[in-house]
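*Asks:* Pasting a structure here, questions to come.
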Protein chains: 2
Amino acid sequence: MEASKIVLVGAGNVATHLGRALREAGHDILQVYSRTEESARTLAQALGTDFTVRMDEVRTDADLYIVAVKDDALAEVLPRLVRRNPAALFVHTAGSISIDVWKGLAEHYGVLYPLQTFSRLRPVDFSRIPCFVEASTPADTAYLLRLARQLSGCVFAASSEQRLYLHVAAVFACNFTNHLYAVCQQLLEEHDLPFEVMLPLIDETARKVHHLSPAEAQTGPARRGDTNVMEHHLQLLHDRPELAAVYDILSKSIYSMTHHD
Amino acid sequence: MEASKIVLVGAGNVATHLGRALREAGHDILQVYSRTEESARTLAQALGTDFTVRMDEVRTDADLYIVAVKDDALAEVLPRLVRRNPAALFVHTAGSISIDVWKGLAEHYGVLYPLQTFSRLRPVDFSRIPCFVEASTPADTAYLLRLARQLSGCVFAASSEQRLYLHVAAVFACNFTNHLYAVCQQLLEEHDLPFEVMLPLIDETARKVHHLSPAEAQTGPARRGDTNVMEHHLQLLHDRPELAAVYDILSKSIYSMTHHD
């Protein structure tokens, strides 16, 4: 596809990772806008482009404006932004914000949502980040799908409602999973075992669901309905009532899911 | 080390995977014993050795007897087994059974516990399976550590109490984690999204804790204390009260762990 002329609105994690990936794909990042001069300058320098902290200096000649600001800043930013170039395409990058936030403001609009666990402490390979696209017209959807596929090997069209559930599902599969790793680490270190002993099993647990469905891959005392082992485990956790509660509710959830089908 | 002469007592998953790994390491599997003729024959054929279903035919000339039977069969099997060759070394492979189960029965005894998620549906690379060793004398411990290190790159000495907590920790990091993947799959499929969209994030979540501690890697609404997002997610789960309960208790557990330090 032809190179697009793009303005990045926002200079945080998402804008930074998206900006780098777009630039590598050959697009023309005209400008970075952020209310915070330091982050605007840092990102603009990294991308070899200009920046501004004033909305009335935002370039009016871009094809695409990508808004990656905090959710609670959108209401203030969007109307002022669209007025700069009403015929352009506008997208935001927020998983839990509906596409309708643009309604009545812009003519061409959409969402480009990278489902990420960006952490400043770790570099990210954008090509492995699932991206979800939604737009106001089929032509705009097609354009955004093409653009996203230049950045990531994992691109889908998804409605605003689907994005909401994607976000909840990601909390279960990533945030909550990481917390279980943290619980595991606490239990091991309290008994003088290094967390590293669990890494092969953690890896295998993640690898397994590439080949089996999670339901097929389920093992353990709750799956077998082995109440002796579960009661013994709850006794071992008697001085950690909050962990015992987690153990109990997850065991019940496994049992009800696997004995329901 | 010199090849050991080994009798396998049991012919299930653990005996099968251990037997194959021991044979590949050059040890001499003299015989397989199992009460079930079919499984005894199958494993003996796979290992190119003999089998018996009669305890009074178990070979009396082995160096090492490895017992991998169901936990509730141990009490019956162990005394009869030890009588066959009282001077040999005896180990069981059960994570949650104390080494003391051998006390008063054998002179040389121990535990060789592979912390596994063996599933019949997937082959396993034994060299990646963490193994935990315990024995009645320092010399027996040293021998079992050497033996285990021929099979696995990840071998530790661990007491019976440590093994109990290892097992609980593995339930959190593997069984419960897999269940969160299953919840994720349900939520996605209910909204016409394939589970595969979550695999890159699942992989990244597991990879991250090779480099950061799980506490450092924690992200998400509960980590940030973002009550708006959490309440919104609970609303989205209003027709799934059991999942809402899991969401609620894990969010509280994250919050209390990360705001405690």
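Each value in this text was obtained by applying a stated rule to the coordinates, not by laboratory testing. The model shown is predicted, which means the values in this text are computed figures rather than measured ones. Here Cβ is always computed from backbone atoms with ideal geometry, including for glycine, and neighbour counts include all displayed protein chains.
*Asks:* Based on Cβ point charges of +1 for Lys and Arg and -1 for Asp and Glu, what charge dipole magnitude is obtained for the range A:64-202 about its Cα centre, in debye rounded to the nearest 20?
*Replies:* Result for the range A:64-202 is approximately 700 debye, rounded to the nearest 20.
*Asks:* OK, next. Taking amide H atoms as placed 1.01 Å from N in the peptide plane, list the residues 5 or more away in sequence, or in a different chain, whose amide H sits under 5 Å from that of B:H108.
*Replies:* B:F90
*Asks:* A further question follows. Please compute the volume of the convex hull spanned by the alpha-carbon atoms of chain B and report it per residue in Å³. Could the numbers behind the result be given before it?
*Replies:* On the way: hull volume 44.0 nm³, N = 261.
Dividing the Cα hull volume of chain B by its residue count gives 169 Å³.
*Asks:* What are the nm distances, shortest first, from B:D100 to its equivalents in the other copies, labels at 7 Å along Cα→Cβ?
*Replies:* Distances to the matching label points in the other copies: 6.5 nm.
*Asks:* Which value at 222 nm does the protein assembly as shown reach when only helices count, each DSSP H run of 4 or more adding -39,500 (n - 2.57), with the total divided by all residues and rounded to the nearest 500 deg cm²/dmol?
*Replies:* My calculation for the protein assembly as shown gives -13500 deg cm²/dmol from helical runs alone.
*Asks:* As a test, work out the antiparallel percent of DSSP beta bridges whose residues both lie in chain B, rounded to the nearest 5. Could you put the intermediate results ahead of the total?
*Replies:* Details: 6 of 29 bridges.
Around 20 percent of the beta bridges assigned by DSSP in chain B are antiparallel ones.
*Asks:* Using alpha carbon centroids, what distance separates the range B:82-110 and the range A:172-207, in Å?
*Replies:* For the range B:82-110 versus the range A:172-207, the Cα centre distance is 31 Å.
*Asks:* Within the protein assembly as shown, count lysine pairs with alpha carbon atoms under 26 angstrom apart where the residues are 8 or more positions apart or belong to different chains.
*Replies:* 14
*Asks:* Would you mind calculating the relative contact order of the range A:41-158 from Cα pairs under 8 angstrom and at least 6 residues apart, reporting the percent as a whole number?
*Replies:* That works out to 18 percent.
*Asks:* A follow-up question, please. If we count other beta carbons within 10 Å of each Cβ, what is the order of B:C174, A:C184, fewest first?
*Replies:* By the 10 Å Cβ count, ascending, the order reads B:C174, A:C184.
*Asks:* Okay, next question. If you count, for each residue, the other Cβ atoms within 10 Å and average over each peptide, how do B:14-23, A:210-219, B:205-214 line up from highest to lowest? Can you show the working numbers first?
*Replies:* Values: B:14-23: 21.3, A:210-219: 16.8, B:205-214: 18.3.
Peptide ranking by packing, descending: B:14-23, B:205-214, A:210-219.
*Asks:* Please report, in debye to the nearest 20, how large the charge dipole of the protein assembly as shown is about its Cα centre when each Lys and Arg carries +1 at its beta carbon and each Asp and Glu carries -1 there. Before the final figure, lay out the partial values.
*Replies:* Details: 48 positive and 64 negative charges, 142 e Å.
In total the dipole reaches around 680 debye.
*Asks:* Of all GluC sites (Glu not before Pro) in the range B:2-88, which ones are in loop regions per DSSP and have a Cβ with at most 10 other Cβ atoms within 10 Å?
*Replies:* Taking the range B:2-88 and a limit of 10 other Cβ atoms within 10 Å, the loop GluC sites (Glu not before Pro) found are B:E2.
*Asks:* Note down the relative contact order for the range B:4-53 as a percent, whole number, built from C-alpha pairs under 8 angstrom at least six residues apart.
*Replies:* 38
*Asks:* Let me ask another. As a footprinting exposure proxy, order A:R84, B:R149 by other Cβ within 10 Å, with the fewest listed first.
*Replies:* Going from least to most buried by this count: B:R149, A:R84.
*Asks:* Could you identify which residue out of B:E161, B:E190, B:E134 has the top mean-square fluctuation in a GNM of chain B using Cα springs shorter than 10 Å?
*Replies:* It is B:E190.
*Asks:* Measure out, as a whole number of angstrom, how far apart the alpha-carbon centroids of the range A:229-254 and the range A:23-72 sit.
*Replies:* Using only Cα atoms to place each centre, the spacing works out to 50 Å.
*Asks:* Right, something else. Just want the answer: with Cβ charges of +1 for Lys and Arg and -1 for Asp and Glu, which residue in B:I97, A:C174, A:L47 is farthest toward the dipole's positive end in the protein assembly as shown?
*Replies:* A:L47
*Asks:* Order these by the 10 Å Cβ neighbour count, fewest first: B:V229, B:V69, B:V7.
*Replies:* B:V229, B:V69, B:V7
*Asks:* Turning to a different aspect of this structure: Only bridges with both residues in the range B:85-194 count here: give the DSSP antiparallel percent, nearest 5.
*Replies:* Within the range B:85-194, antiparallel bridges account for around 45 percent of the total.
*Asks:* Once both labels are modelled 7 Å past Cα along the beta-carbon direction, what's the B:K252-B:R41 spacing in nm?
*Replies:* 5.6
*Asks:* Plugging the Kirkwood radius over Cα pairs into Stokes-Einstein for the range B:31-106, at a temperature of 37 °C and a viscosity of 0.692 mPa s, what D comes out in µm²/s? All intermediate terms of the calculation are to be shown ahead of the outcome.
*Replies:* Details: Rh = 13.0 Å.
Answer from the Stokes-Einstein relation: 253 µm²/s.
*Asks:* What residues of the range A:147-174 lie in the reach of a label at B:E190, counting those whose backbone N is under 16 Å from a point 7 Å from the Cα along Cα→Cβ?
*Replies:* Only A:161-173 pass the distance filter.
*Asks:* Sticking with this one: If amide hydrogens are placed 1.01 Å from N in the peptide plane, which non-local residues have theirs closer than 5 Å to the one on A:A157?
*Replies:* Amide H to amide H, under 5 Å and 5 or more residues apart or across chains, A:A157 pairs with A:V133.
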